[in-house]
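The values are calculated or read from the model by the stated rules, or taken from the named source; none is laboratory data. Note that the structure is a prediction, hence the values are computed from the model and not measured. Here Cβ is always computed from backbone atoms with ideal geometry, including for glycine, and neighbour counts include all displayed protein chains.
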Amino acid sequence: MIFTKNLSGDSRLTITLTVNEVKTTDNKDYDITNNTSDVSYSLVLSKTGGSAYDLYEESRCRVTINGSDVFNKLISYDLRNKTSQTLASGYVRKIKHDDDGTKKINVSGYLDLSSNSKGSATASGTMELKVIPRMTNCPKLTGDIESIYFLPLNPALPNAKHSLKVTFGSLTGYVNEMGIIQNQEFILSNYNIPVEFNSSIYDQFTGKSITGKMVLTTYDSDDTKIGTTEADITANCNADKCSPYAVGSIEDVNTVTTALTGNSKKIVKGFSNGKITLTTLRASNSTLDKNSSITARLINGNAFSGTTYTINGITNSVVTLLLTNSRGFSTTYTIGDLSNLINYFQPLIALNAERLNSTSNTVNLTYSGTFFNQSFGKVANTLALKWFYKSETDTSFKEGGTITPTISGNNITEKTITLNGSFSYQSNYRFKIEATDKLGAFLIEDPVTAGIPNYDWGKNHFEHNTNLYCNKDLEVTGSMSLGSGIVLPLIKVGEWEG
């Protein structure tokens with residue numbers, strides 16, 4: 001590019017600044033990698049008439065390219081026998097372009113011939129350099145495995161093309177137009193590149209996520225490789241896909257209770273033996289995740305192995321299963337159905353046994369209670385009551401007889417039975433009632449102590465076991481032992497103790 005200017009003191013003298021883009025030192029139009037280019041310059045003094053010279057280097061000559069003085073000296077010149085002379089020339093290397101590859105430079109050539117009364121001149125202007133092709137920036141990308149995402153590009157060149165290489169561990173390949181990773185490089189012309197987070201990524205790690213690398217290569221419209229940029233790509237395990245998965249059931253394996261319910265799905269509270277069977281058990285909900293394993297399994301907080309677990313005397317028709325896998329995901333499952341619970345409860349009897357009075361041989365048994373007065377499903381529950389007794393000298397209980405209770409709903413109405421004359425007040429006894437339903441016999445006991453008479457008057461003794469009140473004089477021959485509860489107004493004795 002040429003810029004000219006006449007000297008201010010002699011219009012017959014002209015300076016001409018020429019700036020041209022040139023090949024780089026390695027014979028390229030520009031340096032794509034470093035985003036730089038080179039120029040050459042020359043400053044020439046010419047005349048159209050007259051004569052001009054400086055033989056003593058008194059003339060200032062300066063060339064400025066892109067804000068820097070590339071030549072600045074006092075020079076001599078001689079145009080007495082020629083019409084032009086080159087005053088300065090050279091190259092400016094590695095001029096840095098803007099990020100988009102463009103560059104405008106300011107250039108100027110200055111000559112001062114004041115010492116010869118010719119004045120001065122500045123030839124200047126702006127020069128736009130060729131655009132250097134640039135690499136498209138590769139943005140980061142994050143997504144869930146088994147999904148497709150798009151990588152948006154802002155191409156650095158018009159009509160630029162690209163290829164995208166993706167690496168996760170030992171898995172590496174190029175993305176094609178469908179977003180699928182393949183072995184061979186694929187040139188893409190679109191600027192919204194689909195990227196499939198393929199299930200094969202699962203095999204490269206055991207945790208919840210992995211970060212790999214993308215290499216984006218930029219080509220110009222002539223398929224010339226411009227360069228590459230890199231960015232991270234992060235693949236995540238989707239919690240819904242990568243959490244443990246199970247399907248299970250619960251059934252009663254107690255033959256006693258299943259005979260009553262007629263249905264192994266029914267659970268008799270406290271008596272059924274609930275067998276939990278996991279018909280499906282996977283470390284990951286995704287069938288494509290082969291690199292995960294079950295690390296812990298709990299039913300109602302209890303660890304177990306395998307796919308079955310039995311709870312004897314189970315109290316609910318629903319259990320909680322907690323699974324954890326090697327990726328660190330946990331899932332809680334509820335197995336069973338609340339509607340299958342038979343809310344059975346054992347017979348509960350309250351018993352009170354007592355004598356009619358302290359010297360009576362008759363005992364009253366008063367009882368009440370509750371029992372499961374319902375059907376188990378196939379068989380209805382029943383209740384049978386018996387009473388038993390044992391004296392302090394007996395080694396075992398003896399059966400006394402059966403009791404016919406009065407029942408209202410699940411309640412046993414309070415009732416008293418009288419056991420006539422067979423239980424000496426001079427002995428201690430124990431009584432119990434046995435309540436038997438379809439699931440067993442349940443016992444309740446209550447003691448009856450020996451009776452104590454108010455007075456025991458023998459031939460040679462007199463004992464009182466209650467308070468003794470004397471309203472007349474009491475005469476005692478012999479000795480007398482006074483306990484508490486004796487009120488005597490006057491005692492006439494030969495000897496007495498008190």
### Query
Just one of the numbered conditions (1) assigned to a strand (DSSP E or B); (2) surrounded by fewer than 14 Cβ atoms within 10 Å (Cβ to Cβ) is not true of Asp222; which one?
(1)
### Query
Can you find a residue in the range 171-182 that is crowded, with 18+ Cβ neighbours inside 10 Å and farther than 28 Å from Lys290 by Cα?
no
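To keep it simple, each residue is scored yes or no on (1) under 30 Å from Ala259 (Cβ atoms); (2) surrounded by 14 or more Cβ atoms within 10 Å (Cβ to Cβ).
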site: Thr320; (1), (2): yes, yes
site: Gly328; (1), (2): no, yes
site: Asn343; (1), (2): yes, no
site: Leu351; (1), (2): no, yes
site: Ser360; (1), (2): no, yes
site: Val363; (1), (2): no, yes
site: Tyr367; (1), (2): yes, yes
site: Asn373; (1), (2): yes, yes
### Query
Tally time: how many residues in the range 205-236 are farther than 16 Å from Ala160 by Cβ and out of contact with any Ser or Thr (no Cβ under 9 Å at 6 or more places or on another chain)?
4
### Query
Is it fair to say Gly336 is crowded, with 17+ Cβ neighbours inside 10 Å and at positive phi?
yes
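Taking the range 385-415, which residues are free of Cβ contacts under 8 Å to residues at least 12 places away in the same chain, farther than 15 Å from Thr370 by Cα and either assigned to a strand (DSSP E or B) or of a type in the set (S, T, N, Q) (or both)? Please lay out each step first, then the result.
Keep residues of the range 385-415 that are free of Cβ contacts under 8 Å to residues at least 12 places away in the same chain, which gives 394-396, 398, 406, 408.
With the extra rule that they be farther than 15 Å from Thr370 by Cα, the set shrinks to 394-396, 398.
Of everything in the range 385-415, those that are free of Cβ contacts under 8 Å to residues at least 12 places away in the same chain, farther than 15 Å from Thr370 by Cα and either assigned to a strand (DSSP E or B) or of a type in the set (S, T, N, Q) (or both) turn out to be Thr395, Ser396, Lys398.
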### Message
Could you tell me how many of the residues in the range 41-54 are assigned to a strand (DSSP E or B) and out of contact with any helix residue (DSSP H, G or I) (no Cβ under 7 Å at 6 or more places or on another chain)?
### Response
8
### Message
Exactly one condition in (1) closer than 19 Å to Val175 by Cα; (2) at pLDDT 95 or above; (3) part of a loop (DSSP other than H, G, I, E, B) is false for Gly207; which is it?
### Response
(1)
### Message
Condition check: part of a loop (DSSP other than H, G, I, E, B), closer than 17 Å to Ile132 by Cα and in the same structural domain as Leu87 (by TED's automatic domain parsing). Does Asp38 satisfy that?
### Response
no
### Looking only at the range 85-97, and only at residues there that are surrounded by fewer than 16 Cβ atoms within 10 Å (Cβ to Cβ) and touching a residue at least 60 places away in the same chain (Cβ under 8 Å), the one that is nearest to Ser46 (Cα to Cα)
Tyr91
### Message
For the structure I just gave you, tell me whether Thr33 is in contact (Cβ under 8 Å) with a residue 12 or more places away in the chain, out of contact with any Pro (no Cβ under 8 Å at 6 or more places or on another chain) and under 22 Å from Ile132 (Cα atoms).
### Response
yes
### Message
Looking at (1) within 21 Å of Gly270 (Cα to Cα); (2) among the small types (Gly, Ala, Ser); (3) out of contact with any Gly (no Cβ under 7 Å at 6 or more places or on another chain); (4) modelled with pLDDT of 95 or more, which one does Ser330 not meet, given that it meets all the others?
### Response
(1)
### Task
From (1) of a type in the set (Val, Ile, Thr); (2) in a strand (DSSP E or B); (3) surrounded by 14 or more Cβ atoms within 10 Å (Cβ to Cβ), pick out the condition that doesn't hold for Val247.
(3)
#### Entry: Residue among Ile201, Ile148 that is in contact (Cβ under 8 Å) with a residue 12 or more places away in the chain, more than 30 Å from Ile311 (Cα to Cα) and in a helix (DSSP H, G or I)
Ile201
### Query
If we scan the range 299-306, do we find a residue that is touching a residue at least 60 places away in the same chain (Cβ under 8 Å) and on the phi < 0 side of the Ramachandran plot?
no
### Query
So which of Lys241, Lys225, Lys213, Lys208 is among the charged types (D, E, K, R) and free of Cβ contacts under 8 Å to residues at least 40 places away in the same chain?
Lys225
